[in-house]
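First up is the structure itself, then whatever we jot down about it.
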Amino acid sequence: MNFEWSREKRTFLYFWLFGLINNILYVVILSAASDIIGPSLPKSIVLLFDIMPSFLIKLSAPFFIHKIHYDKRIPVLIILSVFGIMLVSTRKLWLCLPGIVLASLSSGFGEITFLQLTHFFGSRSLTGWSSGTGGAGIVGSFSYLLLTTFLRLNIQVSLMLYALLPFFFLLYFNVNDEIYASQDYQSLEVPIEEDGIASSEDPIQILKPDHWHHTLKRLSQLVVPYMIPLSTVYLFEYLINQGVAPTLLFPIDKTPFVKYRDIYVTYGTLYQLGVFVSRTWGHLLPVKNLYVFSILQFINLAVTICQSYFYFTHSMWLLMIIIFYEGLIGGSSYVNCFMNILKNVDPKEREFSLGSVSISDSSGTLIAAFLGIYLEPTLCKHQIDTGRPWCRME
């Protein structure tokens with residue numbers, strides 16, 4: 001019994017670290033959005049470059065991901081992440097944007113990889129992964145806030161420090177040796193489809209129409225119960241984060257901050273704190289109908305847009321509570337979605353489903369990025385016209 005408990009704790013810890021490292025650069029880049037492009041451009045530009053590559057790789061992964069062994073995926077994640085954040089740290093827009101693309105590719109590829117691995121290691125690994133991705137939010141946003149706002153460390157140096165973190169992905173090989181090799185886990189070899197489609201002996205099969213039709217049919221069964229509710233939650237919350245939150249400002253002398261960008265970074269930290277709390281403990285309150293989260297997040301979006309446009313409250317603290325609550329809803333939606341898959345999907349389809357449904361959060365975020373490019377300038381222009389020019393101040 002003691003050995004079993006020890007194994008569960010190790011599994012949780014490893015996947016917590018994987019979730020943390022996989023998502024932390026994504027969070028840091030979003031937190032640094034105002035520092036990367038300045039106050040004059042919409043922050044959703046950064047979100048667009050931070051999510052588009054991730055979305056594309058998740059969209060295409062169901063058709064080929066089973067051909068790449070997990071051992072070969074880890075070095076790719078490290079290379080993409082390290083070079084990505086190094087380019088971002090230059091703070092030259094023409095280098096930052098390709099760097100964001102590389103980091104996004106790593107994040108999307110990593111999410112598919114580790115979500116699929118939870119199929120082999122069970123619900124404890126999914127709980128660890130979910131909590132770790134939530135932890136990435138709070139660690140990433142708070143550490144960036146700490147380094148740049150409170151310690152006043154140079155932004156370029158602060159970003160470069162994060163280039164060390166992807167090397168922790170190498171702990172995957174400890175999982176492979178210490179846990180998988182010594183326990184009765186399923187093989188981590190590339191799976192072979194029972195019907196012969198896309199079998200590992202014939203890689204060219206992935207280009208044939210039968211494989212595409214078969215994969216699309218499997219994907220279609222995931223759309224209504226899992227993909228739509230998760231994607232809409234992410235659509236609403238990232239519209240808030242990147243399209244509305246940069247305009248949820250107050251006179252700087254009425255806040256505890258020195259610069260307006262500090263308010264934006266603080267909102268991001270509070271949001272990530274909410275995500276961390278709900279991704280860590282959200283599984284304790286299981287919700288079967290995932291559309292509940294979509295409705296609640298839409299209400300948050302409506303309230304924040306009204307605040308930005310009408311300025312109905314002068315209390316920054318109320319907005320901070322709403323942003324924290326927004327994070328709670330988003331994290332709960334994520335963890336409940338994948339927990340429901342573990343519980344309800346046939347084991348033969350579970351690995352495929354866990355990786356494929358990750359398309360949803362990226363698709364919702366991607367749509368939010370496009371809408372946010374229009375929404376933020378519209379709200380900011382209205383504020384300037386009504387005597388609130390703070391959205392154009394640093």
### Query
Any idea which of (1) outside any helix (DSSP H, G or I); (2) open to solvent by less than 20 Å² (accessible area, probe 1.4 Å) is the one residue 152 doesn't satisfy?
(2)
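Rundown of residues vs (1) within 23 Å of residue 240 (Cα to Cα); (2) polar (S, T, N, Q); (3) within 16 Å of the chain's Cα centre (by Cα), yes/no style:
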residue	(1), (2), (3)
25	yes, no, yes
33	yes, no, yes
46	yes, no, yes
57	no, no, yes
71	no, no, no
75	no, no, no
81	no, yes, yes
### Query
Can you find even one residue in region 120-142 that is β-branched (Val, Ile, Thr) and either in contact with a His (Cβ under 6 Å, 6 or more places away or on another chain) or closer than 26 Å to residue 61 by Cβ (or both)?
yes
### Query
Does residue 68 satisfy the criteria of being open to solvent by 10 Å² or more (accessible area, probe 1.4 Å) and among the β-branched types (Val, Ile, Thr)?
yes
### Task
Sort out which residues of region 350-389 are under 17 Å from residue 55 (Cβ atoms) and open to solvent by 50 Å² or more (accessible area, probe 1.4 Å), and write them in order of number.
367, 370, 371, 373
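Has region 250-265 got at least one residue that is part of a loop (DSSP other than H, G, I, E, B), within 18 Å of residue 304 (Cα to Cα), touching a helix residue (DSSP H, G or I) at 6+ places or on another chain (Cβ under 6 Å) and open to solvent by less than 40 Å² (accessible area, probe 1.4 Å)? Write out each step before concluding.
If we filter region 250-265 for residues that are part of a loop (DSSP other than H, G, I, E, B), which is where we start, we get 250-251, 255-259.
Applying the additional criterion that residues be within 18 Å of residue 304 (Cα to Cα) yields 250-251.
Subsequent filtering for residues that are touching a helix residue (DSSP H, G or I) at 6+ places or on another chain (Cβ under 6 Å) retains 250.
Filter once more, keeping what is open to solvent by less than 40 Å² (accessible area, probe 1.4 Å): 250.
Yes, that holds for at least one residue.
Might you check whether a residue that is among the basic types (Lys, Arg) and within 30 Å of residue 114 (Cβ to Cβ) occurs anywhere in region 288-309?
Taking region 288-309 first, the residues among the basic types (Lys, Arg) are 288.
When the remaining residues are screened for being within 30 Å of residue 114 (Cβ to Cβ), the result is 288.
Checking region 288-309: at least one residue is among the basic types (Lys, Arg) and within 30 Å of residue 114 (Cβ to Cβ).
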### Summary
Across region 220-248, the tally of residues that are open to solvent by less than 10 Å² (accessible area, probe 1.4 Å), of a type in the set (A, V, I, L, M) and under 19 Å from residue 379 (Cβ atoms) stands at 4
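Specify the residue that is modelled with the lowest pLDDT; the eligible residues are those in region 247-279 that are under 18 Å from residue 234 (Cα atoms) and of a type in the set (Val, Ile, Thr).
Of all residues in region 247-279, those under 18 Å from residue 234 (Cα atoms) come to 267-279.
If we keep only those that are of a type in the set (Val, Ile, Thr) as well, we get 269, 275, 277.
On the way: 269: 81, 275: 90, 277: 93.
Ranking the candidates gives 269 first.
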### Query
How many residues, within region 282-302, are farther than 18 Å from residue 234 by Cβ and surrounded by 17 or more Cβ atoms within 10 Å (Cβ to Cβ)?
1
### Task
Kindly provide the set of residues from region 107-144 that are open to solvent by 10 Å² or more (accessible area, probe 1.4 Å), within 22 Å of residue 273 (Cβ to Cβ) and not aromatic (Phe, Trp, Tyr), ordered by number.
107, 111, 127, 138, 139, 143
### Query
For residue 75, which of the numbered conditions (1) over 21 Å from residue 359 (Cβ atoms); (2) in contact (Cβ under 8 Å) with a residue 12 or more places away in the chain; (3) surrounded by fewer than 20 Cβ atoms within 10 Å (Cβ to Cβ) fails to hold?
(2)
### Task
Return only the number of the condition from (1) touching a Phe, Trp or Tyr at 6+ places or on another chain (Cβ under 9 Å); (2) surrounded by fewer than 23 Cβ atoms within 10 Å (Cβ to Cβ); (3) among the charged types (D, E, K, R) that residue 326 does not satisfy.
(2)
### Query
Residues in region 269-279: is at least one under 30 Å from residue 346 (Cβ atoms), in a helix (DSSP H, G or I) and either of a type in the set (Lys, Arg) or open to solvent by 30 Å² or more (accessible area, probe 1.4 Å) (or both)?
yes
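For region 369-394, what are the residues that are β-branched (Val, Ile, Thr) and in a helix (DSSP H, G or I)? First the steps, then the outcome.
At the first step, the residues of region 369-394 found to be β-branched (Val, Ile, Thr) are 373, 378, 384, 386.
Correct list: 373, 378, 384.
Given the criterion over 18 Å from the mean Cα position of the chain (by Cα) and either part of a helix (DSSP H, G or I) or at pLDDT below 90 (or both), identify the matching residue among 142, 173. Please lay out each step first, then the result.
Numbers: 142 fails: over 18 Å from the mean Cα position of the chain (by Cα).
After ruling out the rest, the residue left standing is 173.
The values are calculated or read from the model by the stated rules, or taken from the named source; none is laboratory data. For clarity, every value in this text was computed on a predicted model and none was experimentally measured. Every residue, glycine as well, gets a Cβ built from its backbone with ideal geometry; the counts of neighbours run over all protein chains shown. SASA here: full protein model, heavy atoms, side chains in, ligands and nucleic acids out. Shrake-Rupley method; radii C 1.70, N 1.55, O 1.52, S 1.80 Å.
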